[in-house]
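To start, the structure itself, in structure tokens.
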Amino acid sequence: MPAADNHSEKVAVIPIEETVEKGLSQFIKRSFKEARAENADHIILDINTPGGAVDAALEIADTIRASEIPVTAFIDRRALSAGAYIALNADQIYMVPGAKMGSAAIIDLEGNTADKKAESLWLAEMKESAEQNNRDSKYALAMADPDVDLPEFGAGKGDLLTLTAEQAVEVNYAEGIAENLNSLLKELNLSSAEVIDIEVSFAEKVARFVTNPIVIPILLSIGSLGLIVELYSPGFGLPGFMGLSSLFLFFYGHYIAGLAGLETVILFIVGLILVAAEFFVPGGIIGFIGFGAILLSFFIATDDIAYMAFSLGVALLVAVLAAIIFVKVFGKRMNIFKKLILRDSTNTESGYVSNRNRLELIGKTGIALTSMRPSGTALIDDERIDVVTEGTYITKDQKIKVVKVEGSRVVVREIL
């Protein structure tokens, strides 16, 4: 029932806008705590959302049901999908002219109807939410199940029910229609109450953005792409900063949303250190452990393992494609390996020789100190030198002449 008009009363207005996700769930929890701390007498949920994640909607519904303060859902334009479910959990519902509520079928990541188990749970939740406030559950079920036949409301078999403001009042799903918030306060006999506008903080805005199901794979892909590009670039620059910033945003947002703790961030950092250490410590075990720690940190930071696996798969694909393009198209090599792999060559042009080249011996004569069959030792300019004949046998003490020098190979011929 509407509260009596009283100057001392307080009304907390909490916005539920854009996509329903984990960040919004944490914001709603914080807002209800703030409303209690402010001794609010009434809470108004200002709803305008196309829906979103089921798990986040369930958490928001639990927060609403646990509230000792009366809660009114004010549908300002639309409450679709998870938004309709959230509205049904409020003590009463008001809508602006032209507002809509419904179309609440549960779907998977590809836009298909979810599996039977998830669908059954969702239908039970929709039914319970309607019945707890003495609403006919068939309309809630028609919002989520296309098999429910309500042709009089444009929702025959195969179609989901979406109620207009007038239809919602007609079937007792809305207590009334209000032009705006001030009109709603009059309807609730709270026109003189102090209005407490609870706003989303900057950190919560970041959390809501980062935990959006669409943003997660994009953020991870940017992170992986930035780090891959950095490996092919000299020094540490913009790509590396971009990659690390994206990963920082991911963990920061999930931390604010209550999905990740400090231990998750620490695990990720330790994993990065171990992977980096693998470049300097041979063996492969350290790198394998580090990579496992990084993957584990991402899975710990989520409550939807399947979706995280999908997001990581997208990021990995982006990284692999980027690496292929750098190698095949641009002919790049990972910059980090330049410090680990010897790339200098030792050649004659650079002044390097494996053996001394004795070209100065050509034409000089000497004595065979040993028999040559065909190799042996000769004395040339008072220096003992290992030599080889052209294939003939030369006896000891015979005079010889150097006819050719090929690197360290000195070829001699007998002087007759």
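Evaluate E = 1/(1 + (r/R0)^6) for Ile273 and Asn357, where r is the Cβ-Cβ distance and R0 equals 56 Å; express this FRET efficiency to the nearest 0.05. Before the final figure, lay out the partial values.
Numbers: r = 50 Å, r/R0 = 0.90.
The value I calculate is 0.65.
Val410's amide H: which non-local residues (gap 5+, or another chain) put their own amide H closer than 5 Å, with H modeled 1.01 Å from N in plane and none for Pro or chain starts?
Hits under the 5 Å cutoff: Val388.
How many nm is it between the label spots at Val320 and Glu383, if each spot is 7 Å from the Cα in line with the beta carbon?
My value for the distance between the label points is 6.1 nm.
Give me the lysines in straight-line cross-link reach of Lys116: C-alpha distance below 17 Å, same-chain residues under 8 apart excluded.
Of all the lysines, those that pass the test against Lys116 - Cα under 17 Å, at least 8 places apart if same chain - are Lys127.
Cut-off under 20 Å on the C-alpha distance; same-chain residues fewer than 8 positions from Lys404 excluded. Which lysines are left, in chain and number order?
Lys364
In deg cm²/dmol and to the nearest 500, what is the mean residue ellipticity at 222 nm of the chain if only DSSP H runs of at least 4 residues count, each as -39500 (n - 2.57), divided by the residue total? If you can, show how the numbers build up before the last one.
On the way: 13 runs with 170 residues, N = 416.
Mean residue ellipticity, 222 nm, calculated: -13000 deg cm²/dmol.
Relative to the longest principal axis of the C-alpha atoms of the chain, give the angle of the C-alpha long axis of helix 54-65, reported between 0 and 90° and rounded to the nearest 10°.
Result, in degrees: 40.
Taking only C-alpha pairs under 8 Å that are 6+ residues apart, what is the relative contact order of the range 1-79 in percent?
About 37 percent, as a whole number.
Report relative contact order for the range 138-183 in percent, whole number only (criteria: Cα-Cα under 8 Å, sequence separation at least 6).
Result for the range 138-183 is 23 percent.
Grab the Cα-Cα distance for Phe209 and Lys404, subtract it from 0.36 nm times how many residues apart they are, and report the gain in nm with one decimal. Present the calculation step by step, with values, prior to reporting the outcome.
Working: separation 195, 0.36 × 195 = 70.20 nm, distance 7.98 nm.
Using 0.36 nm per residue and subtracting the Cα-Cα distance, I get 62.2 nm.
Using the beta-carbon distance between Ile266 and Thr395 and R0 = 60 Å, what value does 1/(1 + (r/R0)^6) give for FRET efficiency, to the nearest 0.05?
Taking R0 as 60 Å, the efficiency between Ile266 and Thr395 is 0.15.
I'd like to know which of Val13, Gln398, Ala140 lies farthest towards the positive end of the charge dipole of the chain, counting +1 on Cβ of Lys and Arg and -1 on Cβ of Asp and Glu.
Value computed over the given set: Gln398.
Residue separation times 0.36 nm, minus the C-alpha to C-alpha distance between Asp136 and Ser120: what's the value?
Difference between extended and current length: 3.9 nm.
Over the chain, with the other protein chains present, what is the accessible area per residue in square angstrom, probe 1.4 angstrom?
Accessible surface, normalised per residue, equals 53 Å².
Which FRET efficiency, nearest 0.05, do Phe280 and Glu152 yield, Cβ-Cβ r, R0 56 Å? Present the calculation step by step, with values, prior to reporting the outcome.
Details: r = 73 Å, r/R0 = 1.31.
Efficiency, rounded to the nearest 0.05: 0.15.
Of Lys29/Lys100; Lys22/Lys138; Lys22/Lys205, which pairs sit farther than 18 Å apart, going by alpha carbon to alpha carbon?
Violating the 18 Å Cα-Cα cut-off are Lys29/Lys100; Lys22/Lys138.
Tell me the angle of helix 305-324 to the major Cα principal axis of the chain, expressed in degrees between 0 and 90 and rounded to the nearest ten.
40 degrees
List the lysines whose Cα lies under 16 Å from the Cα of Lys186, skipping any in the same chain that are fewer than 8 positions away.
Partners within reach: Lys10.
Would any residue of the range 387-412 have its amide N under 11 Å from a label point 7 Å out along Cα→Cβ of Lys364? List them or say none.
402
Any idea what angle helix 238-256 forms with the longest principal axis of the chain, computed on alpha-carbon atoms, 0 to 90 degrees, nearest 10?
So the helix axis and the longest Cα principal axis differ by about 40 degrees.
Note the listed values [x] 21.5, 64; [y] 39.6, 136; [z] 26.4, 82, then indicate which one is Rg and Dmax of the Cα atoms in Å calculated from this particular structure.
Recomputing Rg and Dmax of the Cα atoms in Å here picks out [y].
Which ³J(HN,Hα) values in Hz, rounded to whole numbers, follow from the phi angles of the range 134-148 under the Karplus curve 6.51 cos²θ - 1.76 cosθ + 1.60, where θ = phi - 60° and Gly and Pro get x?
My calculation for the range 134-148 gives 6, 10, 5, 5, 5, 6, 5, 5, 5, 5, 10, 10, x, 7, 6 Hz in order.
The values are calculated or read from the model by the stated rules, or taken from the named source; none is laboratory data. Everything quoted here is computed from the prediction, not taken from an experiment. Note that each Cβ is placed from the backbone with ideal geometry, even for glycine, and that neighbours are counted across all protein chains shown. For accessibility, only protein heavy atoms count, side chains too; no ligands or nucleic acids. Shrake-Rupley method; radii C 1.70, N 1.55, O 1.52, S 1.80 Å.
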